[in-house]
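Working notes for the structure below.
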Amino acid sequence: MATGNCNNHPPAVFFPSDGVGVEVAKKICETCPVAGPCLEYALSQRIDHGVWGGTSERQRRRILRARRAEVPSTVG
């Protein structure tokens, strides 16, 4: 976060209470040089709240579900 765009904004911007706030935060993340690692951190830590790596809570849940579906089963 020290080198991210979020460093120039109050933390509250990334923990909005409405859809408009989510879009504002995501816009800040669009040009962030560390958006990828930020997103991966949020996914690996299962962070449920806020905008991380340019994604909303719902988007991160979808990403995690899609990744679980891609993992081949080891049953057998």
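The values are calculated or read from the model by the stated rules, or taken from the named source; none is laboratory data. Only a predicted model underlies this, so the values are computations on that prediction, with no experimental measurement involved. Every residue, glycine among them, receives a Cβ derived from its backbone with ideal geometry; neighbour counts consider all protein chains shown.
Scan V20, V24, V71 and give me the residue that is loosely packed, with under 10 Cβ neighbours inside 10 Å, modelled with pLDDT of 95 or more and more than 12 Å from the chain's Cα centre (by Cα).
On inspection, the qualifying residue turns out to be V20.
Are there any pairs, at least 6 apart or on different chains, whose C-beta atoms fall under 9 Å, with the first in the range 59-73 and closer than 14 Å to A42 by Cα and the second of a type in the set (F, W, Y) and surrounded by 13 or more Cβ atoms within 10 Å (Cβ to Cβ), and if so, which?
If the second residue must be of a type in the set (F, W, Y) and surrounded by 13 or more Cβ atoms within 10 Å (Cβ to Cβ), the pairs left are R60/W52.
Given (1) in a loop (DSSP other than H, G, I, E, B); (2) touching a strand residue (DSSP E or B) at 6+ places or on another chain (Cβ under 8 Å), identify the lone condition not met by M1.
(2)
If you check L64 against the conditions, is it at negative phi, surrounded by fewer than 16 Cβ atoms within 10 Å (Cβ to Cβ) and either part of a helix (DSSP H, G or I) or touching a strand residue (DSSP E or B) at 6+ places or on another chain (Cβ under 6 Å) (or both)?
yes
Looking at the range 26-61, which of its residues are part of a helix (DSSP H, G or I) and under 16 Å from T3 (Cα atoms)?
Within the range 26-61, I28, C29, A35, G36, P37, C38, L39, E40, Y41 meet the criteria.
For the range 2-51, which residues satisfy the criterion of being within 22 Å of R68 (Cα to Cα) and among the aliphatic types (A, V, I, L, M)?
Across the range 2-51, the qualifying residues are A35, L39, A42, L43, I47, V51.
Provide a single number: the residues in the range 33-43 that are over 17 Å from I63 (Cβ atoms) and buried (at least 17 other Cβ atoms within 10 Å of the Cβ).
1
In the range 4-19, what residues are more than 12 Å from S56 (Cβ to Cβ) and assigned to a helix (DSSP H, G or I)?
Result: N5, C6, N7, N8, P11, A12, V13.
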